[in-house]
Amino acid sequence: MDEESAWTITMPPARTTSGVVQVVMSGALGPSARARLHETLRIALLTALSPEPAALEVTLTAVTSCDEVLPAELQELALTCARENLALRIEVTPALLPWLGRSELAPFLHLSDAPVAGSSDVAVVPTWVDRATLVIALTGELDLVTTARTRDALAVLLAARPLRLVLDLAGVTFLASTGVNEIVRLAHAAADDAVALHVAAGTHNRRTFELLGLTGTLLRVFDTRADALAAFGG
């Protein structure tokens with residue numbers, strides 16, 4: 001299958017009942033797609049701005065690979081949306097983060113609400129409880145390989161700028177030292193961004209944090225998601 005037949009873009013974009021113009025892409029996006037990709041995003045932008053501004057959503061969850069073409073086009077789109085005061089949302093999976101996880105695009109990237117993973121051993125499930133509170137549930141094993149694959153997903157979710165963040169580890173069946181180190185790194189990043197972080201470790205993982213002396217100092221650790229959310233108060 002050649003490159004042109006290996007990818008598809010829905011065209012023209014359709015305005016949904018919620019006033020969002022959606023563009024859906026799938027397959028492998030490479031250099032020869034640039035002209036068609038540019039034209040499709042241009043039409044989507046015009047559709048979103050006429051007759052009155054609406055939100056624009058680009059869904060990339062079915063894209064299997066890309067190169068520098070896609071991030072370059074999306075960065076240009078993001079700049080235009082900012083100038084036109086148009087909301088932009090880009091739905092991605094962790095597999096695309098090595099290409100799209102650049103700082104210019106991070107505020108617009110959102111991981112799909114469906115379980116997504118860098119491998120079959122770990123899944124990342126983000127859930128917005130309200131506009132300011134994000135729960136990130138991890139399931140599976142956090143070892144040397146899966147922790148590295150999860151890191152970019154956590155960074156993108158933190159870039160969405162929640163005020164309150166719960167990291168739910170109840171579904172984590174194995175927590176290696178690399179996983180603990182990544183959680184500590186996330187805690188420092190959250191503190192730098194003034195994000196309140198609570199960890200719902202589950203009783204089976206809480207003991208690990210206690211033995212390492214991390215509870216009550218750097219990390220606020222709870223047994224359940226409900227307890228972690230309730231501790232925010234208000």
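Key figures
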quantity	calculated
Contour excess over end-to-end distance, with Cα ends at Leu46 and Arg185 and 0.36 nm allotted per residue	45.9 nm
Cα long-axis angle, helix 69-83 against the chain (0 to 90 degrees, to the nearest 10)	90 degrees
Label point at Thr64 placed 7 Å out along Cα→Cβ; residues across region 19-55 whose backbone nitrogen lies under 12 Å	26-29
Fluctuation leader among Leu100, Leu167, Leu77 - the chain, Gaussian network, Cα springs under 10 angstrom	Leu77
For region 148-192, alpha-carbon Rg over 2.2 N^0.38 Å	1.15
Beta bridge orientation in the chain: antiparallel %, DSSP, nearest 5	30 percent
Å³ per residue enclosed by the Cα convex hull of the chain	130 Å³
Rounded, prolate or oblate (a/c below 1.5 giving rounded, otherwise prolate when a/b exceeds b/c) for region 178-234 by Cα gyration tensor	oblate
Helix-only mean residue ellipticity at 222 nm for the chain, each DSSP H run of n ≥ 4 adding -39500 (n - 2.57), per residue, nearest 500	-11000 deg cm²/dmol
Solvent exposure ordering (accessible area, 1.4 Å, most first) of Thr215, Thr150	Thr215, Thr150
GNM result for the chain, Cα springs below 10 Å: residue of Gly216, Gly171, Gly179 fluctuating most strongly	Gly216
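The values are calculated or read from the model by the stated rules, or taken from the named source; none is laboratory data. This one's a predicted model, so the numbers in the text were calculated from it and none came from an experiment. No Cβ is skipped: glycine too gets one built from the backbone with ideal geometry, and neighbour counts run over all protein chains shown. Heavy atoms of the whole protein, side chains included, go into the accessibility calculation; ligands, DNA and RNA do not. Shrake-Rupley method; radii C 1.70, N 1.55, O 1.52, S 1.80 Å.
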